1. Mind ranking A:76-88, A:189-201 by how tightly packed they are, going by the mean number of other C-beta atoms within 10 angstrom, highest first?
2. Which of the lysines could be linked to A:Lys114 by a straight reach, that is with a Cα gap under 17 Å, when you skip same-chain ones fewer than 8 residues away?
3. May I ask for the Kirkwood hydrodynamic radius of the stretch A:1-92, worked out over all distinct Cα pairs and given in angstroms to one decimal?
4. Taking only DSSP H segments of four or more residues, each worth -39500 (n - 2.57), what value at 222 nm results for chain A once the sum is divided by all its residues, to the nearest 500 deg cm²/dmol?
5. Straight-line reach only, C-alpha to C-alpha below 23 angstrom: list the lysines that A:Lys13 could link to, leaving out same-chain residues fewer than 8 apart.
6. So if we plug the beta-carbon distance of A:Thr243 and A:Ala195 into 1/(1 + (r/R0)^6) with R0 = 22 Å, what FRET efficiency do we get, rounded to 0.05?
7. In whole angstrom, how far apart do the alpha carbon centroids of the stretch A:68-103 and the stretch A:214-231 sit?
8. For the stretch A:211-259, what number results from the quotient of the Cα radius of gyration and 2.2 N^0.38 Å?
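The numbers here are math on the coordinates, done by the rules we state, and not lab data. Keep in mind that what you see is a predicted model, and the values were worked out from it rather than measured. FYI the Cβ positions are ideal-geometry reconstructions off the backbone, even for glycines, and counts take in every protein chain you see.
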Amino acid sequence: MTSIASWNVNSIKARLPNVLAWLESASPDIALFQELKTVEDNFPRLEIEALGYHCAVLGQKSYNGVAILSKQPLEDVMMGLPGDPADEQARYVEATTFGLRVATIYLPNGNPVKTEKFSYKLAWMDRLNDHAYDLLQSEQPVVLGGDYNIIPQDEDVYDPRAFAGDALAQPESRQRFRALLNQGYTEAFRALNDAPHLYSFWDYQGGAWQNDHGLRIDHFLLSPQAADRLESCEIDREPRGKTKASDHTPVVCRLRDAA
DNA sequence: ATGGTAGCCTTGCTA
């Protein structure tokens, strides 16, 4: 079995004690992080390597920043999403480990709509769709995990009406997410869990966590070769209740060993 | 109509 976690940590520096404690207890084979909010040189590589992880880090000052951690070496590391050499935002890293092609994804938020932020989101999703198609052709087990900043359906948000005008729920955003599924990718959590209103993010404001006013925006998309091996996909709510918590909580996906 | 929270290393931007 191989376990893969995805967690938007909302600053690796501010979150380091929480992150290290969770890695020690949950001990995923692979961890995909988003929103490091710092450059590579400030990534706490030694502390994380001390827990037995190899790291591939793409950092950025103040914003974005993503990493892949693995208990096995990371090979053929690709920094950045293909398709736009002028894009300097650190939102994508891909590598091979545990016999899987794995990506950590921090998809643009896109708010407010009707601005260049939203068109950037849609263009980024088009690039992701193009690259995901290429990955499918390789017929490898592919795992695309991260903060997609997409509420796939109304059942994935506490108040759909409140988010009707939000970039995370726009028809254009949802259509591009569905296009990934229509290519042949499986959304791991929804494939195994029928229950609506289970969330991976709760805003810091307005007592959202205490009132379970959340969103499910952190997802795992699996190629058919990975979906064949899907054993479980669960949201670990515990880290969200800690002091100095990220506003996101980890999602953990488990794949059976290759036949 | 507005502000509420958190992190950056700014006195605003992003989420």
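1. With the highest mean Cβ count within 10 Å placed first, the list reads A:189-201, A:76-88.
2. Filter leaves no residues.
3. 13.4 Å
4. -7000 deg cm²/dmol
5. Correct list for A:Lys13: A:Lys37, A:Lys61, A:Lys71, A:Lys242, A:Lys244.
6. Plugging the Cβ-Cβ distance into 1/(1 + (r/R0)^6) gives 0.20.
7. The two parts, judged by their Cα centres, are 17 Å apart.
8. It is 1.43.
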